[in-house]
C-alpha cells in the first residue's frame, strides 16, 4: 500500500531535484539542462536587485503573518467550542458546515467572493441596507483591502478542516480529569485552560512549526483567482511571481533561482520553529 506513494515521491519530488541546476544556468527553450550555459550566481544577483520580487516578498510575509496571527488560533477556538457542545444534531450540523468550504476549490470559492464583493454584490447590498455606505464599490478592486480579503477567506475555507486534529486529540483525553476538576469546583473555562489546552500542547506545537515553515508559501490558487490588475501591487506573492516569470514569461532559470531561495529559507524557518517549540516543551521536540 505504501509503494504507490513512494513511487509518486520519487517521480515528483526527488527526480525534479536535478532541475534545480537551472538556477545556476542561463536556460532557454532551445537548451536542455545539460547544454544550457552556466552563469553561477548571476540569477541570484538579479533577484537581489529586482524590486518586483521584493514587493512580492513583502506581500507574502504580510499576508502570511496575518494568517498566522489570526488563522492559527481560529481552529483551536472552534474545536474547543465544538468539543464543549453536547452531543446532538446541532453539533453535527456545525461540524459539517465548517468542513464544507475545505472541499470546494478556490475556483468555486473565488467566484463566490468575486460576486459578493462586486458593486452589486451581497456585502455592498448589506452595507447600503444598514446605512454604512451610500456609494457601493467593488471591494476586490481596492488593493489596500486585499490582504484582509485573502486572510479572512483563507480562514473561512480552512478553519473547519483545521479542527479535525484538535478534536481527535480531545477525544483521547481521560474524562476522569474533568470529573476531578468538577469535584474541586473548577468552572468550564478553568477546565479548558488547565486540562484541554495542556493536552493539546504537542499538536499545537506541530501545527505552529508547519505554519511557520510555510510563511513564504502563500496560497497560489487563491492568489490566481482573486488577483486582478487593480489589486496586483498588494496581491502578488512569491508563488504567483515565480509562476508569472517561469511559465508566463519563460524565464525558467530566474524562476528556479527564486524557488530555490524560498525553499532554503523555508527549511531554516522550519528548524528555527522546531527549536523554539522544543524550548517551550521542556526541550522535547515534536519531530
Legend entry - Segment residue 193-residue 244, extension gain: residue separation times 0.36 nm, minus the distance between their alpha carbons: 13.7 nm
Legend entry - Extension reserve of the residue 31-residue 201 stretch, reckoned as 0.36 nm per residue once the Cα distance is removed: 56.1 nm
Legend entry - Protection proxy ranking of 233-242, 32-41, 49-58 - average other beta-carbon atoms within 10 Å, highest first: 233-242, 49-58, 32-41
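Rule-of-thumb check for the chain: C-alpha Rg over 2.2 N^0.38 Å? Display every interim value, and only then the final one.
Values: Rg = 23.1 Å, N = 287, 2.2 N^0.38 = 18.9 Å.
Taking the Cα Rg and dividing by 2.2 N^0.38 Å, one obtains 1.22.
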Inset, instruction - Take the alpha carbon gyration tensor of the range 56-202, find the square roots of its eigenvalues, order them as a ≥ b ≥ c, and report rounded if a/c is under 1.5; if not, report prolate when a/b exceeds b/c, else oblate. - result: prolate
Inset, instruction - With no solvent and one equal point scatterer placed on each C-alpha of the range 48-136, evaluate the Debye formula and give log10 I(q)/I(0) for q = 0.19, 0.23, 0.26 Å⁻¹, two decimals. - result: -1.10, -1.06, -1.09
Legend entry - C-alpha long axis of helix 146-170 to longest principal axis of the chain, angle in °: 50 degrees
Legend entry - Alpha-carbon Rg with Dmax, taken over the range 188-269, Å: 18.5, 59
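Among 60-70, 175-185, how do they line up by average Cβ neighbours within 10 Å per residue, starting with the highest?
Numbers: 60-70: 17.7, 175-185: 10.8.
Packing proxy ranking, top to bottom: 60-70, 175-185.
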Inset, instruction - Order by neighbour count: 1, 224, 170, 245, fewest other Cβ atoms within 10 Å first, most last. - result: 1, 224, 170, 245
Inset, instruction - Mind pulling the angle between the C-alpha long axis of helix 73-84 and the longest principal axis of the chain? Nearest 10 degrees, somewhere in 0 to 90. - result: 30 degrees
Legend entry - Pair residue 228, residue 72: separation of 7 Å Cα→Cβ label points (nm): 3.3 nm
Legend entry - Fewest-first ranking of 279, 91, using other Cβ atoms within 10 Å as the exposure measure: 279, 91
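Suppose R0 equals 35 Å. What FRET efficiency, 1/(1 + (r/R0)^6) with r the Cβ-Cβ distance, do residue 46 and residue 1 give to the nearest 0.05? All intermediate terms of the calculation are to be shown ahead of the outcome.
Numbers: r = 46 Å, r/R0 = 1.31.
Once the sixth-power term is evaluated, E becomes 0.15.
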Inset, instruction - Would you mind computing, in nm to one decimal, how far apart the modelled labels at residue 144 and residue 55 are, each placed 7 Å from Cα along Cα→Cβ? - result: 1.8 nm
Inset, instruction - Give me the angle, in degrees from 0 to 90, between the Cα long axis of helix 106-116 and the longest principal axis of the Cα atoms of the chain, rounded to the nearest 10. - result: 80 degrees
Legend entry - Theoretical ellipticity at 222 nm over the chain - DSSP helices of four or more residues, -39500 (n - 2.57) apiece, nearest 500: -18000 deg cm²/dmol
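Assign one of three labels to the range 1-94, namely rounded, prolate or oblate, based on the Cα gyration tensor with a ≥ b ≥ c the square roots of its eigenvalues; rounded applies when a/c is under 1.5, prolate when it is not and a/b is larger than b/c, and oblate otherwise.
Numbers: a/c = 5.17, a/b = 1.82, b/c = 2.84.
It is oblate, given that a/c is not under 1.5 and a/b is not larger than b/c.
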Inset, instruction - Would you calculate the separation in nanometres between label points at residue 38 and residue 14, each defined as 7 Å from the Cα along the Cα-to-beta-carbon direction? - result: 2.6 nm
Inset, instruction - Consider a paramagnetic label point 7 Å from the Cα of residue 90 along Cα→Cβ; state which residues of the range 189-225 have an amide N under 19 Å from it. - result: 189
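Read-outs throughout are calculated quantities, based only on the coordinates presented, and are distinct from any laboratory measurement. From a predicted model like this one, the values you see are computed outputs, not experimental measurements. Cβ coordinates were reconstructed from backbone atoms using ideal geometry, including for glycine residues, and neighbour counts include every protein chain displayed.
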